[in-house]
Amino acid sequence: MIEVKDLVRQFKSGDRTIKPVNGVSFELEKGTLASIVGKSGSGKSTLLSLLGALDKPTSGDVVVDGVSLAGLPASKLTEYRRRDIGFVFQQFNLIPNLSAVDNVMLPMEFAGMRKAARLERARSLLEQVQLDPEKQSRRVNKLSGGEQQRVAIARALANEPKLILADEPTGNLDEQTGEHIIELLSSLSRDHNTTILVVTHDRSLAQKTERRFRLQQGKLSEETVRPRVGAGA
Amino acid sequence: MSVLARSVGNAFRNKIRTAAVVAVLAVAIGLALAMLVANQAVVGKVQELNASVGTVLTVNPAGAQGFDGGGEPLTTAQTATAAAVPNVVSVVGMKALRLQTETAASSSTTGTTTQQAGPGGGPGGGTSVVTNLQAAIDAGTLGNRNNTSGSTGTGSTGTTGTGNAGTAPAFSLPITATGIGAEVDTAGKALNITSGTGLGDYTVASTKALIGTTLAEKNSLKAGSTFTIAGTTFTVAGIFDAGTTFGNNAVYTTLAEAQALAATPGELSSMVVTVNSMENVDAAKTALQAALGSGKADVTQGQRNLQTAVSSLDSVKNISLVAFIAALGTAGLIILLIMVMLVRERRREIGVLKAIGARNRTIGVQFVLEALVLVALGSVVGAAIASFASGGIASALISSNSTTAATNQRGPGGGGFGGGLGGGGPFGGASQLLTSVTASASPGVIAAGVVAVFGVAVVGALVPALLTARIRPIEVLRGE
Ligand SMILES: Nc1ncnc2c1ncn2[C@@H]1O[C@H](COP(=O)(O)OP(=O)(O)O)[C@@H](O)[C@H]1O
Ligand SMILES: [Mg+2]
C-alpha cells in the first residue's frame, strides 16, 4: 500500500517560487491501476518523481508498505528505486546501444541476480509484453516506438516492483499503439497484482483506469470511482 | 551483459570519435613510452659508467708519463701519508716492471722504444727486465706505427714514421708486469682469479706470480707451471681474468718481489688509492695531492673524462624523465577531458541508470572501465610507435646534448681511458660511450610504462567517474 502525506515540492525560478505539488495526499491499495490527468506543466511529472524517489519533496512524505522515504539515506533510496519501483517514461529512456534483452536485464544485474536467471526472466517478460521473439536481441534503437515502450515496460517489471510509475507512456505513440500499451498495463496490474500509477493527458485512456486523479494548481482531486475496465474484457 | 562488456560497448558507440581519441592517446602514450625507454637506457648507461669511474685515484711520481720521465720515485713510506687522508679506505702500492720478450730484447737497441704504456693511469717508472714469456697480443697497425715513431702519446695521435715504417720488425705489445701490494689490478679492482690461488702475503718477496688468461694460453701455462723473469724462475700460482684482452696480457708478482727484481727496494711506481664514496672522490683527490706535495706526486683520476660523459648523460636522463612525465600527464589530461565530455553527453542516460536502481559505484566503475578500454587501445598503438621511435628519440636527445661534452674529451692525460692497459687502441672518448647508449624497447620497461599509463588513466577517469555520482536521477525527466 502506498500512502502519500501532504507532499509539497517547490521550485525557485528567479525571485518567484512555484509549487507544482502543494499539499498532495492520497492512498493506493495494492494492485490498483490509477491515473493522473492534468494540463501540461501542472506538476504531474514532479509528483511522479517524488513518488519514485527521483527527487526529494520540500515537505511531506511517501510511505510504502509502512516504510517512510523521508528518513532514508541516498543508498536506501537507490535500493528503493531498484526493488520497489518500475519506471515507464514518455521517451522510453532505454539504453540505445543495448539489445532489448540486455535492457530488461539491467535492473536485475543491479540487484545482483545471476546471469542465467536474468536472461531467462528477461525473455519471459519480453514475451509477456508481446515483443516479437526475433526482436529480443535487436538493439533497441532499431525498434519502433511501440516496441521500445513494451521493452521499457518489461524492464519496469524486472525486479517485481510494488509500484509502477508511468509518465505519459503513450505520449510518443499513435492512438492505437497507445491503447495497446494501456491495455498491457491494465492486464499486468491484474495478473501481477501490481500497483500502477499512469500519468496522461489523454482523457479516454484515463477512462480505462480504476481510480482517476486530476492535478490542478498543486492540488490533487479524485474523480468518481467507477468499475475497472480490464484489457480486452 | 556485464559492466565490462557494457563499457567496451560504450567505448565503441561512436567509432569515428573512438578512432580519433585512440589516435591522440597513442601519440601521447607512445611519446611517454619512448621517453621512458630512453630514460632507462641512459640510467643504465650512467650506472655502468659510474661503476667504471669508480672511486679509485692513481698516484704517480710527479711528471711521470707512462714509463718515461718522472722526478723522485714514490716510496713505501708515502702509502702511510696517503692512507691518513680523510675518506681514503685503502692504499695499494704498485711496482711496474717492463718485461721485454727475449726476441724483442735482442732486436732492440735501446730497450725503451718497445714500451707503450697507457696514458694517465698507467704504471710509470718501470725497470726493463727480460722474460721468456711470449706476449699474447700483436700490436697491430697502430701499435707498429706508434712503435716506429717512438711516440709515447695517447695511442690515437701517433704520427706515421717516414723512413722505417716498412722495415720495422714484427712487434708485439709488451707484457705488463706489476708488483702489487694487495690482490688488486692496476686500476684498483679486485683480481678475479679463475684457477689456482692468489699470492698470499703481497708484501713479502716470493717467486710466485699471477698470469692473465690470454698470456697463460699463449705460453701454455697452468697453475704450477714455471717461467722466468730476469733469470729467476717463477711459479704460476693462479690465472686471473681481467675481462679485457689487454688486461689479460699481464703478470702480477708481489710488491716486494718486483722491487727486488728492479733492485729498487722501498720504491713504488704508483699507488692505487680507493676512496670511500663517489661524492668524496674530488675532495680526497685534492687532499691527497696536498698531503703528498704537488712537486712529488701526481694524483689522477684515471677516468676523469667519463665524468663529463656522465654529467651530459645525466641531463639527457633528466630531459627524458621530464618528457616522460609530461607525456604521461598529457595522456591523463586527454582521458580526463574525453571522459568529462562523455559524462556530460550521457547525463540523461546516467539519470536513467540511477532511476532503474544503479548504484553510483556501478556507474563510476563503468566509466573508468570505458576509459581503460580507450587507453588499452591507445597503449597498443602507442607501444608500437614507441618501439619504432625510441631509438631515434634517444640518439637525437643524446647527440644534441653531448656535442659540448665530446669537444671537451681530450684531457691532459690523453684521450684513452684504458687506464694502464697499455696502448689499447684509440677509444674515441666519452662521445663514443654516449652514442653507444642503445635505446631498445625492452618489454619490461614498456610494461612498466604501460602500467604507469594505466595508473594515470585511472586517475584521469576518476574525476569524471566521480562526477557521475553528482548527476541526480531526476535528469531522466529532462526535456519531458
Ligand atoms: N527542476 C525544476 N526547476 C524549476 N522548475 C521546475 C523544475 N522541474 C519542474 N519545474 C516546473 O514545475 C512545473 C511542473 O512541471 P512538470 O511536473 O514537468 O509538469 P507536467 O509533467 O505536468 O507537464 C513546471 O512549471 C516546470 O517548469
Ligand atoms: Mg510531464
**Message:** Going through A:Ala74, A:Ala53 one at a time, which residue ends up being away from ligand 1 (no atom under 16 Å from the Cβ) and of a type in the set (A, V, I, L, M)?
**Reply:** A:Ala74
**Message:** Please determine whether any residue of region A:55-67 is free of Cβ contacts under 8 Å to residues at least 24 places away in the same chain, more than 24 Å from A:Gly178 (Cα to Cα) and either of a type in the set (Val, Ile, Thr) or touching a Cys at 6+ places or on another chain (Cβ under 8 Å) (or both).
**Reply:** yes
**Fill in**
A:Met1: passes all of (1) more than 16 Å from ligand 1 (Cβ to nearest atom); (2) under 22 Å from A:Ile196 (Cα atoms); (3) modelled with pLDDT of 95 or more but (3)
**Item:** Index of the failed condition, B:Leu4 passing every other in (1) surrounded by fewer than 24 Cβ atoms within 10 Å (Cβ to Cβ); (2) away from chain A (no Cβ under 14 Å)
**Value:** (2)
**Request:** Collect the residues in region A:23-48 that are charged (D, E, K, R) and within 13 Å of ligand 1 (Cβ to nearest atom), keeping them in residue-number order.
**Result:** A:Lys39, A:Lys44
**Request:** Under 8 Å between Cβ atoms, at least 6 apart or on separate chains: pull out the pairs that start in region B:456-480 with a residue that is more than 14 Å from chain A (Cβ to nearest Cβ) and closer than 30 Å to B:Leu33 by Cα and end on any residue that is part of a helix (DSSP H, G or I) and among the aromatic types (Phe, Trp, Tyr).
**Result:** B:Ala461/B:Phe367; B:Pro464/B:Phe367; B:Ala465/B:Phe367
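Mind checking which residues of region A:100-113 are more than 8 Å from chain B (Cβ to nearest Cβ) and on the phi < 0 side of the Ramachandran plot?
Of the residues in region A:100-113, the ones more than 8 Å from chain B (Cβ to nearest Cβ) are A:100-101, A:103-104, A:108, A:112-113.
Answer for region A:100-113, where residues must be more than 8 Å from chain B (Cβ to nearest Cβ) and on the phi < 0 side of the Ramachandran plot: A:Ala100, A:Val101, A:Asn103, A:Val104, A:Met108, A:Met113.
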**Listing of helices (runs of 4 or more DSSP H) fully contained in region A:133-218 that carry 1 or more residues being in contact with a Cys (Cβ under 7 Å, 6 or more places away or on another chain)** = none
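Output yes when any residue across region A:70-79 is within 12 Å of another protein chain (Cβ to nearest Cβ), buried (at least 17 other Cβ atoms within 10 Å of the Cβ) and either in contact with a Lys or Arg (Cβ under 8 Å, 6 or more places away or on another chain) or in contact (Cβ under 8 Å) with a residue 60 or more places away in the chain (or both), and no when none is. Please lay out each step first, then the result.
Going residue by residue through region A:70-79, those that are within 12 Å of another protein chain (Cβ to nearest Cβ) are A:74-79.
Retained after the next criterion (residues that are buried (at least 17 other Cβ atoms within 10 Å of the Cβ)): A:77-79.
This time we only want the ones that are either in contact with a Lys or Arg (Cβ under 8 Å, 6 or more places away or on another chain) or in contact (Cβ under 8 Å) with a residue 60 or more places away in the chain (or both), so: A:78.
So far as region A:70-79 goes, yes, one or more of its residues are within 12 Å of another protein chain (Cβ to nearest Cβ), buried (at least 17 other Cβ atoms within 10 Å of the Cβ) and either in contact with a Lys or Arg (Cβ under 8 Å, 6 or more places away or on another chain) or in contact (Cβ under 8 Å) with a residue 60 or more places away in the chain (or both).
Suppose the filter is within 14 Å of another protein chain (Cβ to nearest Cβ) and either surrounded by fewer than 21 Cβ atoms within 10 Å (Cβ to Cβ) or away from ligand 2 (no atom under 16 Å from the Cβ) (or both); does A:Asp61 pass it? If you could, list the steps in order and put the result at the bottom.
Numbers: within 14 Å of another protein chain (Cβ to nearest Cβ): no; either surrounded by fewer than 21 Cβ atoms within 10 Å (Cβ to Cβ) or away from ligand 2 (no atom under 16 Å from the Cβ) (or both): yes.
For A:Asp61, the condition - within 14 Å of another protein chain (Cβ to nearest Cβ) and either surrounded by fewer than 21 Cβ atoms within 10 Å (Cβ to Cβ) or away from ligand 2 (no atom under 16 Å from the Cβ) (or both) - is not met.
Yes/no matrix, rows are residues, columns are (1) of a type in the set (A, V, I, L, M, F, W, C); (2) surrounded by fewer than 24 Cβ atoms within 10 Å (Cβ to Cβ):
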| site | (1), (2) |
| --- | --- |
| A:Glu109 | no, yes |
| A:Gly112 | no, yes |
| A:Glu120 | no, yes |
| A:Arg138 | no, yes |
| A:Leu143 | yes, yes |
| A:Gln149 | no, no |
| A:Pro169 | no, no |
| A:Asn172 | no, yes |
| A:Ile196 | yes, no |
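Can you pull out every residue in region B:1-60 that is small (Gly, Ala, Ser) and within 30 Å of A:Arg118 (Cβ to Cβ)? If you could, list the steps in order and put the result at the bottom.
Taking region B:1-60 first, the residues small (Gly, Ala, Ser) are B:2, B:5, B:7, B:9, B:11, B:19-20, B:23, B:26, B:28, B:30, B:32, B:34, B:38, B:41, B:44, B:51-52, B:54.
Result: B:Ser2, B:Ala5, B:Ser7, B:Gly9, B:Ala11.
So that you can scan it fast, the table gives a plain yes or no per residue for (1) over 17 Å from A:Thr195 (Cα atoms); (2) part of a loop (DSSP other than H, G, I, E, B):
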{"position": "A:Asn22", "(1), (2)": "yes, no"}
{"position": "A:Ser35", "(1), (2)": "no, no"}
{"position": "A:Gly41", "(1), (2)": "yes, yes"}
{"position": "A:Ser49", "(1), (2)": "no, no"}
{"position": "A:Ala53", "(1), (2)": "no, yes"}
{"position": "A:Val63", "(1), (2)": "no, no"}
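The values are calculated or read from the model by the stated rules, or taken from the named source; none is laboratory data. Worth saying up front: this structure is predicted, and the values here are computed from it rather than measured. Cβ atoms come from the backbone with ideal geometry, glycine included; neighbour counts cover every protein chain shown.
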